[in-house]
Amino acid sequence: MIISLNWLKKYVDLDGFTDAELAEKIGSRLVEVEEFYQTADKYQGVYVVRVIESRPIGGSDHLSLCWIDDAGAVADVKRDERGWVQVVCGAPNVRQGMLAVWIAPKAVVPATYGTKTPFIIDAKKLKGFESSGMLAGADELDFGAEHTEILEIDENLAVAGAPFAEAFGLDDTLFDIENKSLTHRPDCFGVIGFAREVAGILGKEFQTPEFMLDEGRVFPPEASDLRLELVVEDEKLCPRYQATILEIGGKAPSPATHIKEFGVPIVASGMRLIDSIVDISNYLMLLTGQPLHCFDYDKMLKVGGRAEGYPVKIVVREAKKGEKIKLLDGSDLELDTSDIVICSNEKPVALAGVMGGENTAIDKDTKRIVVESATFNLYRLRDTSMRHGIFSEAVTRFMKGQPASLTDKVLKETVKLFTEKYNFKLISPFFDSAPERVEHNPIELTVADVNELLGTDYSVDLIKNTLTNVNFAVANMGDRIIVRTPYWRTDIHIKEDVIEEVGRLNGFDDITPTLPMRFFESPKSDKMYNLKSAIRRELAAFGANEILSYSFVSEKLLEKANLDFANSYKIINSISPDLQYVRQSLTPSLLEKVFLNIDDGFDNFALFEINKVYQKSYNLGLDNLPNERDHLALTLFQSIAKNPYYLAKLYVEKLLQSFGVEAKFVVSDPAEVLMNEHATARPFEKKRAALVVDAKTGKKLGGCGEYKKSVSKAFKLPDGLAGFELNLNTIAEVIPDKIIKYRPLPRYPSAKRDMTFKIDSALPYAQLESLVHQTLEDGDVWFQLEPVSIYQGENETKKNISFRLNFASFNKTLTSAEIADIIKTIADKTAEKLGAEVV
């Protein structure tokens, strides 16, 4: 986005600031300035001159030999004895006495300035006559594409010898703005809004032009019975649509006047001049940020199939699938239902907010125009712009969310310019689809609120002046401040927004960083947070890998997992068709990732996720918001596992055991038992699944099992899969009242010993293993206990069981005597309890 400094100066006093200082302040307090540059060099060597004499050149049907007076502005140019410069001109409108624009020898033709091949004018002979430079047309001066005449300068605009850049305000500085950070500020996409922000940054009061504030301006139409019938089918597509009808007629200002008043700021802003109607529309868009569009009224009648005397029916609606339109740039588009179209009756005449249609284009035969000022759904226009690849100046502004209150003011100013400057006639009333005015609620804050949040010591007067400088309505009673935002600030909703404005406009960089002085109370330990952290550590120690997946899922994913999507909350404004539901279970997301890992060649792994789930069966909670539950889900895969259920069961047992919870597995129909509680049973095969309950309280904790064949097939998964899903809220309730602690691994060397026990052959292995395990736990050491072998000779009544012990102290390096004591304690306990003999 290009901002003209000369245009800014019409609305804010910039005296005392260099271009660099201004760019620095704008960059630090509003938006990044990518670069700034002067434009006067573009018109170096271009002057306003008077044609003293002009006569046709014999043998030519269009060339004239002219003598011009530049008041001696150019020193090194050939002159005759009268001091005049000879120029050959081919324009039909050149004549004696007129003021024209002369490009002197050695100057660059402005239209080619800055291009790869700039055209430098020189003195040369034409038809045997030397021509020193050229008299320029508007196109050669980079104002439009018309190449039939030279530009004639009105007597009140300049004098002979005046530099063209000086006479027309072209000695300008242009600021190239990186506007991506202004997405939330539609007001800054107009020069008035940008100037208002600059005034606020410089600490100067801004006077918003009257037409931007006055809703009561009245423009009585000429006697006419012309009417428009407006139909907006859905106000969500178009919050406000306004239009009126003007008749073209009367004397228009000269091209030079048009260029000086409207063309210079338009071209400086990076747009082209087209014609007076389009130019005025573009000028007001650049000035206010509100795009406009003009239709040929008589073409709209014809396209809509209406006879003279009947009102044009303008319909704003969704496009129909496959509907076609040809735009002003000649492109043919096939539309989608997410596009918005403007129709005459039922025939599309414009792609709303993007570009007009060729069938109602204004041309040289246009007699009456319909002027549109509207605002459209920014999300629909963003989608339309991206899909069709159209990024016009208008749609860029519409995509920022222009306020509906702006349309009326800009439409009336359009009528004022057309009627006063171009002698058009207003021949209809103003038509408005939504004339109601939207009021912004007042926002209340205090001086303390501002200073505590920003870390400043601003006074009430400074805060008040900062906001009133940018046209906020501010009243105060002592330190209590009431703020009412102007209609163009659609981004201000809460007091923190207002405080941010105060800090930004005064400069965040100027605030001395200080730590806030406030009472500090250490947070209380959060049982759920501690539980989740401990679970992560335990499962990581088991070799499982944690994943984090989207909380939003597709209907297709729910169907694959055999879940009822009617139990899920559907998202109205989902960011993608694949993310339409809030998930009711973590298991489907895990199964989706299992396939990717198997596909990458992994054949032995476990994935788990800890996250929140939402089910309609939980009902609504505080403020009518869905209740949520914290869940843990784990899925494991072993390509060689024949009974993966038991491995999943072991995970559950060991995990809950680490928190002092004894798990009980109830084999029943989990689909019936678990559905209302967890919605996790439906993926499980009911004959190879169990309900997990707390043995002490009987509370249901979740489900564990192998997955149904239909679910595995839907996810393209092989055999060898099992998993579980547990409700962490219930687990937190049944954990004994003690802090979940984590004990780090010892830093001291460990000792490794092998022990072999001879016991009765009828004694179960688990009984011996459990006793050795308990003895080591009682010894307050870190340990690992691994089975090595079980041997029983033929016809023997005894068997040998060997273990490998690895243990270490948490406090020191164990001595040989201490190691021997630990081994002796184990031998004594096993001998006493089980009659075991260490061999």
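The values are calculated or read from the model by the stated rules, or taken from the named source; none is laboratory data. Not measured: the values here are computed from a predicted model. Note that we place each Cβ from the backbone using ideal geometry, even for glycine, and neighbour counts take in every protein chain shown. We work out accessible area using only protein heavy atoms, side chains counted, and drop any ligands, DNA or RNA first. Shrake-Rupley method; radii C 1.70, N 1.55, O 1.52, S 1.80 Å.
Could you look through the stretch 24-46, keep only residues that are among the small types (G, A, S) and open to solvent by 30 Å² or more (accessible area, probe 1.4 Å), and pick out the one that is modelled with the lowest pLDDT? Quick ask: steps written out before the conclusion?
Step one: of the stretch 24-46, the residues among the small types (G, A, S) are 27-28, 40, 45.
Still in the list and also open to solvent by 30 Å² or more (accessible area, probe 1.4 Å): 27-28, 40.
Working: G27: 92, S28: 93, A40: 85.
Restricting to residues being among the small types (G, A, S) and open to solvent by 30 Å² or more (accessible area, probe 1.4 Å), the top hit is A40.
Under the condition of being more than 18 Å from the chain's Cα centre (by Cα), surrounded by 20 or more Cβ atoms within 10 Å (Cβ to Cβ) and among the hydrophobic types (A, V, I, L, M, F, W, C), which residue from the stretch 372-399 is nearest to T414 (Cα to Cα)?
Among those that are more than 18 Å from the chain's Cα centre (by Cα), surrounded by 20 or more Cβ atoms within 10 Å (Cβ to Cβ) and among the hydrophobic types (A, V, I, L, M, F, W, C), it is A374.
Can you name the condition, by its number, that A714 falls short on among (1) farther than 18 Å from V667 by Cα; (2) small (G, A, S); (3) open to solvent by less than 10 Å² (accessible area, probe 1.4 Å)?
(3)
For the list (1) of a type outside the set (S, T, N, Q); (2) open to solvent by 10 Å² or more (accessible area, probe 1.4 Å); (3) at positive phi, I need the number of the one condition that Y283 fails.
(3)
Checking the condition in a loop (DSSP other than H, G, I, E, B) and either among the hydroxyl-bearing types (S, T, Y) or exposed (fewer than 14 other Cβ atoms within 10 Å of the Cβ) (or both), which residue from A138, A75 passes? Spell out the reasoning first.
Working: A138 fails: either among the hydroxyl-bearing types (S, T, Y) or exposed (fewer than 14 other Cβ atoms within 10 Å of the Cβ) (or both).
A75 is the lone residue from the list that is in a loop (DSSP other than H, G, I, E, B) and either among the hydroxyl-bearing types (S, T, Y) or exposed (fewer than 14 other Cβ atoms within 10 Å of the Cβ) (or both).
Do we find a residue being modelled with pLDDT of 90 or more, open to solvent by less than 10 Å² (accessible area, probe 1.4 Å) and acidic (D, E) anywhere in the stretch 195-216?
Scanning the stretch 195-216 turns up at least one residue that is modelled with pLDDT of 90 or more, open to solvent by less than 10 Å² (accessible area, probe 1.4 Å) and acidic (D, E).
Tell me whether the stretch 623-631 contains one or more residues that are over 30 Å from Y379 (Cβ atoms), in contact with a helix residue (DSSP H, G or I) (Cβ under 7 Å, 6 or more places away or on another chain), open to solvent by less than 10 Å² (accessible area, probe 1.4 Å) and assigned to a strand (DSSP E or B).
Yes, some residue in the stretch 623-631 is over 30 Å from Y379 (Cβ atoms), in contact with a helix residue (DSSP H, G or I) (Cβ under 7 Å, 6 or more places away or on another chain), open to solvent by less than 10 Å² (accessible area, probe 1.4 Å) and assigned to a strand (DSSP E or B).
Condition (residue is out of contact with any Asp or Glu (no Cβ under 8 Å at 6 or more places or on another chain) and loosely packed, with under 13 Cβ neighbours inside 10 Å) applied to the stretch 582-595: is it met by at least one residue?
Step one: filter the stretch 582-595 for residues out of contact with any Asp or Glu (no Cβ under 8 Å at 6 or more places or on another chain), giving 582-584, 588, 591-595.
In the following step, the residues that additionally are loosely packed, with under 13 Cβ neighbours inside 10 Å were identified as none.
Checking the stretch 582-595: not a single residue is out of contact with any Asp or Glu (no Cβ under 8 Å at 6 or more places or on another chain) and loosely packed, with under 13 Cβ neighbours inside 10 Å.
A quick yes/no check of all residues on (1) out of contact with any Cys (no Cβ under 9 Å at 6 or more places or on another chain); (2) at positive phi; (3) open to solvent by 60 Å² or more (accessible area, probe 1.4 Å):
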{"site": "L726", "(1), (2), (3)": "no, no, no"}
{"site": "I735", "(1), (2), (3)": "yes, no, no"}
{"site": "R743", "(1), (2), (3)": "yes, no, yes"}
{"site": "V781", "(1), (2), (3)": "yes, no, no"}
{"site": "K799", "(1), (2), (3)": "yes, no, no"}
{"site": "F803", "(1), (2), (3)": "yes, no, no"}
{"site": "S809", "(1), (2), (3)": "yes, no, no"}
{"site": "D828", "(1), (2), (3)": "yes, no, yes"}
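Here's the yes/no breakdown for (1) part of a loop (DSSP other than H, G, I, E, B); (2) open to solvent by less than 60 Å² (accessible area, probe 1.4 Å); (3) touching a helix residue (DSSP H, G or I) at 6+ places or on another chain (Cβ under 6 Å); (4) of a type in the set (A, V, I, L, M, F, W, C):
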{"site": "F295", "(1), (2), (3), (4)": "no, yes, yes, yes"}
{"site": "L301", "(1), (2), (3), (4)": "no, yes, no, yes"}
{"site": "G305", "(1), (2), (3), (4)": "yes, no, no, no"}
{"site": "Y310", "(1), (2), (3), (4)": "yes, no, no, no"}
{"site": "V316", "(1), (2), (3), (4)": "no, yes, no, yes"}
{"site": "K320", "(1), (2), (3), (4)": "yes, no, no, no"}
{"site": "K326", "(1), (2), (3), (4)": "no, no, yes, no"}
{"site": "S338", "(1), (2), (3), (4)": "yes, yes, yes, no"}
{"site": "V341", "(1), (2), (3), (4)": "no, yes, no, yes"}
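What number of residues within the stretch 793-839 satisfy the criterion of being small (G, A, S) and touching a residue at least 60 places away in the same chain (Cβ under 8 Å)?
So in the stretch 793-839, the residues small (G, A, S) come out as 793, 802, 808-809, 816-817, 820, 827, 831, 835-836.
Remaining after also requiring touching a residue at least 60 places away in the same chain (Cβ under 8 Å): 808-809, 827, 835-836.
Count: 5.
If we scan the stretch 108-126, do we find a residue that is open to solvent by less than 10 Å² (accessible area, probe 1.4 Å), outside any loop (DSSP other than H, G, I, E, B), in contact with a Phe, Trp or Tyr (Cβ under 7 Å, 6 or more places away or on another chain) and more than 30 Å from G270 (Cα to Cα)?
no
What's the number of the only condition in (1) open to solvent by 30 Å² or more (accessible area, probe 1.4 Å); (2) within 27 Å of R484 (Cβ to Cβ); (3) over 26 Å from the mean Cα position of the chain (by Cα) that P429 fails to meet?
(2)
In the stretch 48-69, what residues are closer than 18 Å to P105 by Cβ and open to solvent by less than 40 Å² (accessible area, probe 1.4 Å)? Walk me through it before giving the result.
Filtering the stretch 48-69 for residues closer than 18 Å to P105 by Cβ gives 48-49, 51, 65-69.
Answer for the stretch 48-69, where residues must be closer than 18 Å to P105 by Cβ and open to solvent by less than 40 Å² (accessible area, probe 1.4 Å): V48, V49, V51, L65, C66, W67, I68.
Report whether or not Q290 is open to solvent by 60 Å² or more (accessible area, probe 1.4 Å), assigned to a loop (DSSP other than H, G, I, E, B) and not β-branched (V, I, T).
Details: open to solvent by 60 Å² or more (accessible area, probe 1.4 Å): no; assigned to a loop (DSSP other than H, G, I, E, B): yes; not β-branched (V, I, T): yes.
No, not satisfied.
So, in the stretch 650-687, exactly how many residues are assigned to a helix (DSSP H, G or I), more than 21 Å from F602 (Cβ to Cβ), at pLDDT 85 or above and open to solvent by less than 50 Å² (accessible area, probe 1.4 Å)?
At the first step, the residues of the stretch 650-687 found to be assigned to a helix (DSSP H, G or I) are 650-657, 670-674.
Pick out the ones that are also more than 21 Å from F602 (Cβ to Cβ) and you get 652-657, 670-674.
Filter once more, keeping what is at pLDDT 85 or above: 652-657.
Add one more test, that the residue is open to solvent by less than 50 Å² (accessible area, probe 1.4 Å), and what stays is 652, 655-656.
Qualifying residue count, the stretch 650-687: 3.
Output the residue which, of all residues in the stretch 549-575 that are free of Cβ contacts under 8 Å to residues at least 24 places away in the same chain and open to solvent by less than 70 Å² (accessible area, probe 1.4 Å), is farthest from N377 (Cα to Cα).
So in the stretch 549-575, the residues free of Cβ contacts under 8 Å to residues at least 24 places away in the same chain come out as 556, 565, 570-575.
With open to solvent by less than 70 Å² (accessible area, probe 1.4 Å) added as a condition, the list becomes 571, 574.
Values: I571: 19, S574: 16 Å.
The qualifying residue farthest from N377 (Cα to Cα) is I571.
Scan the helices (runs of 4 or more DSSP H) fully inside the stretch 144-263 and keep the ones with 1 or more residues being of a type in the set (D, E, K, R) and in contact with a helix residue (DSSP H, G or I) (Cβ under 8 Å, 6 or more places away or on another chain). Even if it seems obvious, please write down each step before you answer.
Details: elements: 164-167, 191-201, 255-258.
Where helices (runs of 4 or more DSSP H) fall fully within the stretch 144-263 and carry at least 1 residues being of a type in the set (D, E, K, R) and in contact with a helix residue (DSSP H, G or I) (Cβ under 8 Å, 6 or more places away or on another chain), they are 191-201.
Would you pick out the residues in the stretch 81-107 that are part of a loop (DSSP other than H, G, I, E, B) and either touching a Gly at 6+ places or on another chain (Cβ under 8 Å) or without any contact (Cβ under 8 Å) to a residue 40 or more places away in the chain (or both)? Steps first, please.
Initially, the stretch 81-107 is screened for residues part of a loop (DSSP other than H, G, I, E, B), giving 81-84, 90-98, 104-107.
Within the stretch 81-107, E81, R82, G83, W84, G90, A91, A104, P105, K106, A107 meet the criteria.
Residue-wise test of (1) more than 30 Å from E501 (Cβ to Cβ); (2) touching a strand residue (DSSP E or B) at 6+ places or on another chain (Cβ under 8 Å); (3) modelled with pLDDT of 95 or more; (4) not β-branched (V, I, T).
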site: T117; (1), (2), (3), (4): yes, no, no, no
site: G128; (1), (2), (3), (4): yes, no, no, yes
site: F143; (1), (2), (3), (4): yes, no, no, yes
site: D187; (1), (2), (3), (4): no, no, no, yes
site: I192; (1), (2), (3), (4): no, no, yes, no
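When the residues of the stretch 42-55 are filtered to those that are in contact (Cβ under 8 Å) with a residue 40 or more places away in the chain and of a type in the set (D, E, K, R), which remaining residue is farthest from R79 (Cα to Cα)? Don't jump to the end; show me each part of the working.
Here is the first cut: in the stretch 42-55, the ones in contact (Cβ under 8 Å) with a residue 40 or more places away in the chain are 42-54.
Applying the additional criterion that residues be of a type in the set (D, E, K, R) yields 42, 50, 53.
Working: K42: 25, R50: 14, E53: 14 Å.
In this case the residue turns out to be K42.
Of the numbered conditions (1) at pLDDT 85 or above; (2) open to solvent by less than 30 Å² (accessible area, probe 1.4 Å); (3) touching a strand residue (DSSP E or B) at 6+ places or on another chain (Cβ under 8 Å), K700 satisfies every one except a single condition; which is it?
(2)
Restricting the first residue to the stretch 255-271 and requiring it to be open to solvent by 10 Å² or more (accessible area, probe 1.4 Å), which pairs with a second residue that is of a type in the set (K, R) meet a Cβ separation below 8 Å and a spacing of at least six or different chains?
E261/K421
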